[in-house]
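Taking it in order: structure first as structure tokens, then the write-up.
Laboratory data are not the source of any read-out in this text; all were calculated from the coordinates shown. None of these values were measured; they are calculated from a predicted model. So basically every Cβ, Gly included, is an ideal-geometry build from the backbone, and we count neighbours across all protein chains shown.
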Amino acid sequence: MTLGVSFHEAAQREFDEATDFYAMERTSLGAAFVDAVERAVAHVHEQPESCIVLRGRVRKMRVARFPYAVLYSIVSDQIRVIAVAHDRRRPFYWSGRR
């Protein structure tokens, strides 16, 4: 069974803001960030239970080359991305998201 993927609106905002930040530094860096996050999400989509459990049902997939992680839960027939979190941000700030 193939699970669908959806982003919490705050996770989408985090992704967009980080992309904008890297693109302002260098256009190619913004594109590289998007590619790295998309690869992380693709890995999660292919192997949703392969990543470390962070808290409760929330799992963590590191984003290659950048200090970010994709945090997600598997809910019914869906992978729900709840945060695109910077490694140095306060821990568990996203814990109220569903």
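The figures follow:
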| quantity | calculated |
| --- | --- |
| The chain, helix-only ellipticity at 222 nm - DSSP H runs n ≥ 4, -39,500 (n - 2.57), divided by all residues, nearest 500 | -13000 deg cm²/dmol |
| DSSP-assigned coil residues among trypsin sites (Lys or Arg not before Pro) in the stretch 1-47, each with at most 16 further Cβ atoms within 10 Å | ARG26 |
| Segment ARG98-ALA32, length gained on full extension (0.36 nm per residue, minus Cα span) | 21.0 nm |
| Cα-based helix-to-principal-axis angle, 27-46 vs the chain, degrees rounded to 10 | 10 degrees |
| Length added when fully stretched, GLU9-ARG65, from 0.36 nm per residue minus Cα-Cα | 17.8 nm |
| Degrees between helix 9-25 axis and first principal axis of the chain (Cα, 0 to 90, nearest 10) | 20 degrees |
